[in-house]
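Each remark here refers to the structure printed beneath this line.
Where a number appears in this text, it was derived from the coordinates with a stated rule and is not lab data. This structure is a prediction, so every number in the text was calculated from the model and none was measured. Because the Cβ atoms are built from the backbone with ideal geometry, glycine has one as well, and the counts that use them run over all protein chains shown.
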Amino acid sequence: MDAKNTKQATLTVDDKSFEFPVYGGSVGPDVIDISKLYAQTGMFTYDPGFTSTASCESKITYIDGDAGVLLYRGYPIEQLAQGDFLETCYLLLYGELPTPAQKKDFDHRVTNHTMVHEQMARFFQGFRRDAHPMAVMVASVGALAAFYHDSTDINDPKQRMIASMRMIAKVPTLAAMAYKYAVGQPFVYPKNSLDYTSNFLRMCFAVPCEEYVVNPVLSKALDRIFILHADHEQNASTSTVRSAGSSGANPFACIAAGIACLWGPAHGGANEAALQMLAEIGTVDRIPDFIKAVKDKSSKIRLMGFGHRVYKNYDPRAKLMQQTCHEVLKETGHQDDPLLKVALELEKIALNDEYFVSRKLYPNVDFYSGITLKAIGFPTSMFTVLFAVARTVGWISQWNEMIQEPNYKISRPRQLYLGDTSRNYVPLDKRT
Ligand code: ACO
């Protein structure tokens, strides 16, 4: 463990006291090391949803939820948003910003891994056209493990980096293929003369019968959206990737597990749900009734795109996202989009409403991303896929960090068992 033992914590149970080391991070809360708790006390801790549990040491991403701060490798997200996505990828993977020569080499290496094996195209034919593209992503990224299993020794840093580059480069190609398959258009092969995000837009929106010219404003906006989503500490999907990887599983399979977790509406599916919510509200005059329904606990309605497990202040990504949203809507001529009007008014009302203020519920990154992605031309079903494209680098960086950890262990939580105690089996013909 790299962290310093700063003090001790004492736990007293039934008049017996137990000492545990407390470690301080470079910034953020201290942690009590309870890894010997069971051995010392015969008890487990109970923390559903891991709200008070640090599952690992990490040097990648830092969030101060109360202050609304997000740092990748120490750099504030607002500053990184001035660069490009591949620069952020390099930073997350290697720990430092690249020099111009390193950046050129990195861009070249990613670009040269963008094609997928031609067999993958046939693999797609097995899906229904109306399959959710996230289902297709889980399957196709998992299928990459079938192409690169024997060539990936996870204990070899060089092979791990090759797998990482493959993943960053090929996930957008598979995402674009999932989109093309859903709309019944031919797959568009990557064009390596284009930058990462322009290439992705072209793979999604070009058709063979006409020239496709990338709109630089939209490409820049999507690139920034990728930066904002690139990593986010030990969130549900990242923890899933670490958990899957802790067994020594193939990295492509681990990323597929992360994609599956990201799909849920409480996580990556929230931008899709937020846009659907805005469409259902429809007009500004219907907002008060909607807010009333949200506050009524029996309705189970939540204000999608609001609230966050960690940010109890404004999500710093949401500010950048709102700015990006305005740039995209101006470029595409959607400034008068009724959904934007609903979003702005909803945000204004919620930010001044006691229910949301007292619970520290602020817009999260998903509140504006749906409107933005829709204006760029993506259907709602693709929103979470775009999130997966961006988060791939975060997952793979966290996976690499975990494997490098000299004493990493298989993830194996315990439980508080409330089921039946031991009882005897009764054969079927003797049961009443
Ligand atoms: N709308 C209305 N009320 C809410 C919302 C919301 N979006 N979020 C939380 N609350 C309320 C809860 O009802 C609860 O109220 P109570 O104390 O009176 O019971 C209180 O705020 C705390 O809520 P929890 O569910 O305990 O908060 P938690 O930290 O577990 O949830 C979560 C975080 C899942 C993100 C939640 O805020 C939510 O469901 N938001 C909507 C979905 C969403 O936008 N998800 C995107 C997350 S960001 C991302 O994945 C990129």
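In terms of packing, defined here as the mean over residues of other Cβ atoms within 10 angstrom, the peptides 260-272, 111-123 line up highest first as 260-272, 111-123.
So if R0 is 45 Å, what FRET efficiency would Ser299 and Ser55 give, r being the distance between their Cβ atoms, rounded to the nearest 0.05? Plugging the Cβ-Cβ distance into 1/(1 + (r/R0)^6) gives 0.85.
Once you divide the Cα radius of gyration of segment 213-255 by 2.2 N^0.38 Å, the number left is 1.65. Restricting to lysines 8 or more places apart or on different chains, can you count the pairs in segment 150-265 with Cα atoms under 21 Å from each other? Taking the Cα cut-off of 21 Å, the pair count is 6.
In the frame of its principal axes, segment 270-376 has Cα extents of 40, 29, 22 Å, reported largest first.
In this Cβ point-charge picture (+1 for Lys and Arg, -1 for Asp and Glu), the chain has a dipole of about 840 debye about its Cα centre. A simple count of charges around Ile301, restricted to other residues whose Cβ falls under 12 Å of its Cβ and scoring Lys, Arg +1 and Asp, Glu -1, yields +2. Note on the chain: GNM, Cα springs under 10 Å; of Pro379, Pro133, Pro363, the largest mean-square fluctuation is that of Pro379. Evaluated with a Cβ-only charge set (Lys, Arg +1; Asp, Glu -1), segment 277-432 carries a dipole of roughly 880 debye about its Cα centre, given to the nearest 20. Segment 4-54 has equivalent-ellipsoid semi-axes of 20, 15, 9 Å, by the square roots of 5 times the alpha carbon gyration tensor eigenvalues, sorted largest first. Model label sites at Lys103 and Leu37, defined 7 Å from Cα along the beta-carbon direction, differ in position by 4.5 nm.
A cut-off of 5 Å between modelled amide H atoms, ignoring neighbours fewer than 5 places along the same chain, links Val69 with Asp64.
Mean separation of Cα pairs under 8 Å and 6+ residues apart, divided by the residue count of segment 4-54: what relative contact order is that in percent?
Numbers: 55 pairs, mean separation 12.4, N = 51.
Relative contact order here is 24 percent.
Extension gain, Leu428 to Phe147: 0.36 nm times the residue separation minus the Cα-Cα distance gives 96.5 nm. Please give the FRET efficiency for Ile349 paired with Tyr75, using the beta carbon to beta carbon distance and R0 = 35 Å, rounded to the nearest 0.05. For Ile349 and Tyr75, the calculated efficiency is 0.55. Net charge dipole, segment 4-54: roughly 160 debye, given to the nearest 20, about the Cα centre with Cβ charges of +1 for Lys and Arg and -1 for Asp and Glu. Spin-label pair Gln323-Arg286: with each label point 7 Å from Cα along the Cα-Cβ axis, the two points sit 3.3 nm from one another.
Assuming R0 = 22 Å, what is the FRET efficiency of Thr45 and Asp2, from their Cβ-Cβ distance, to the nearest 0.05?
0.45
Across q = 0.06, 0.08, 0.13 Å⁻¹, the chain modelled as identical point scatterers on its alpha-carbon atoms has Debye log10 I(q)/I(0) values of -0.29, -0.50, -1.21, in the order of the q list. Between Gln404 and Ser381, the distance separating the two model label sites (each 7 Å from Cα on the Cα→Cβ line) works out to 4.0 nm.
In the chain, Cα pairs under 8 Å separated by at least six residues give a relative contact order of 19 percent. Among Ser26, Ser243, Ser381, determine the one that fluctuates most according to a GNM of the chain built with springs between C-alpha atoms less than 10 Å apart. Of Ser26, Ser243, Ser381, the Gaussian network model singles out Ser26 as fluctuating most. Each Cα pair under 8 Å and six or more residues apart adds its sequence gap; the mean of these over the residue count of segment 267-327 is a relative contact order of 34 percent. The packing ranking, built from the mean of other Cβ atoms within 10 Å per residue, places the peptides 301-309, 151-159 in the order 301-309, 151-159, highest first. Each of Ile227, Ala279, Ala266 was scored by the projection of its Cα onto the charge dipole of segment 185-286, and the greatest displacement toward the positive side belongs to Ile227; charges sit on the C-beta of Lys, Arg, Asp and Glu. Distant-in-sequence amide contacts of Phe306, defined by a placed amide H-H separation under 5 Å and a gap of 5 or more residues or a different chain, comprise Asn364.
Each peptide in 321-331, 185-195 was scored by the mean count of other Cβ atoms within 10 Å over its residues; highest first, the order is 321-331, 185-195. The Rg/Rh ratio for segment 1-143 is 1.13, where Rg is the radius of gyration of the alpha carbons and Rh is the Kirkwood radius.
One decimal place: the segment Glu96-Glu211 gains 37.6 nm when fully extended, by the rule 0.36 nm per residue minus the C-alpha distance. Reducing segment 36-89 and segment 395-428 to their Cα centroids gives an inter-centroid distance of 21 Å. Can you show me the helix-derived [θ] at 222 nm for the chain, built from DSSP H runs with n ≥ 4 at -39,500 (n - 2.57) apiece and divided by the number of residues, rounded to the nearest 500. Mean residue ellipticity, 222 nm, calculated: -15500 deg cm²/dmol. By the count of neighbouring beta-carbon atoms within 10 Å, fewest first, Ile255, Ile376 end up ordered Ile376, Ile255. The calculated Kirkwood hydrodynamic radius for segment 93-175 is 14.3 Å, given to one decimal from all distinct C-alpha pairs.
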